[in-house]
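Encoded as structure tokens, the structure appears first; notes follow it.
The values are calculated or read from the model by the stated rules, or taken from the named source; none is laboratory data. As the structure is a computational prediction, the values presented were derived from the model and not from experiment. Backbone-built Cβ (ideal geometry, glycine too); neighbour counts: all protein chains shown.
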Amino acid sequence: MSTLSSSAVTALQLMTDLDTALLAIVGRSLAVSATACLLACGLGLVLGAWLGVARFTGREAVLTGLNTLLALPSVVVGLLVYLLLSRSGPLGFLGWLFSFKAMVLAQALLVLPVVTALTRQAVEDVDNAHGEQLRSLGAGPLMRSLLLAWDERYALLTVLIASFGRAISEVGAVMIVGGNIDGFTRVMTTAIALETSKGDLPLALALGLILLGVVLVLNALIATVRHWRECQDGAALPLTTRAGQLP
């Protein structure tokens, strides 16, 4: 039996037997990425919606910087967080380095530009189409951003799902700030890298299959949300009608 086939059989056995070590790694990965996405989305949605309607001097420079951060390698984010949390760093007193909190912080910083940029683009596109009408109805920047964000809620939901996929599939940042400590900071991506280097291919393959399954589910959710949005758009009131009903 070849290495691939034997590893696949053992990996499936680990999955069907609900191996304790496997479940612990998967659960930790989901917890880190979900927490990071909640933090990043809480700030990113608000900031992105505001940038979508705000007009100020230097806005193009801000957007250029934001778009640049979209391509920021995860290892660079990990390095920056490491420098912040190291004993000699400005946040070293927190004692977060090589902990769950450090990994959450690194992934949140990695995902934040993605959420902000995609939210800004979605809101700005709708503002270009309906912004003038909303302004004529007396809606200020804050009200416009709220209305437009709500109008694009299905698109923003796909942004949240995509940001979770970005977080759970990265390896560089959590490897640097988490240390890949068995039982504490080892997540799916770091475990795959480590177990492959050790030659424990069945565990690495099992984790890889689970990670692939998570990504598949996320993409299915995005497709479902898009279909749901298309169904809801036909029954929705025009945006200007809703704005006109505001007190």
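Quick check on Val177: is it part of a helix (DSSP H, G or I) and closer than 11 Å to Phe98 by Cα? Answer is yes for this residue.
Residues are listed down the side, and each one gets a yes or a no for (1) modelled with pLDDT of 80 or more; (2) in contact with a Cys (Cβ under 8 Å, 6 or more places away or on another chain); (3) within 16 Å of Leu22 (Cα to Cα); (4) crowded, with 19+ Cβ neighbours inside 10 Å:
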position	(1), (2), (3), (4)
Ser136	no, no, no, no
Met143	no, no, no, no
Val171	yes, no, no, no
Gly179	yes, no, no, no
Arg186	yes, no, yes, yes
Ile192	yes, no, yes, yes
Asn219	yes, no, no, no
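Entry remark, region 1-10: residues being surrounded by 10 or more Cβ atoms within 10 Å (Cβ to Cβ) and not in a helix (DSSP H, G or I) number 0 in total.
Among the residues making up region 14-41, those that are in contact (Cβ under 8 Å) with a residue 40 or more places away in the chain and over 27 Å from the mean Cα position of the chain (by Cα) are Leu14, Asp19. Per the listing Ala106, Ala122, the residue uniquely farther than 17 Å from Val174 by Cα, touching a residue at least 24 places away in the same chain (Cβ under 8 Å) and small (Gly, Ala, Ser) is Ala122. Screening Asn180 on (1) more than 30 Å from Gly95 (Cβ to Cβ); (2) of a type in the set (S, T, N, Q); (3) over 16 Å from the mean Cα position of the chain (by Cα) shows it passes everything except condition (1). The residues of region 11-22 that are within 14 Å of Ile210 (Cα to Cα) and either in contact with a helix residue (DSSP H, G or I) (Cβ under 6 Å, 6 or more places away or on another chain) or part of a helix (DSSP H, G or I) (or both), listed by number, are Ala11, Leu12, Gln13, Leu14, Met15, Thr16, Ala21, Leu22.
Residue by residue, here is whether (1) surrounded by 13 or more Cβ atoms within 10 Å (Cβ to Cβ); (2) out of contact with any Phe, Trp or Tyr (no Cβ under 7 Å at 6 or more places or on another chain); (3) outside any helix (DSSP H, G or I) holds:
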position: Val76; (1), (2), (3): yes, yes, no
position: Leu79; (1), (2), (3): yes, yes, no
position: Tyr82; (1), (2), (3): yes, yes, no
position: Gly89; (1), (2), (3): yes, yes, yes
position: Ala102; (1), (2), (3): yes, no, no
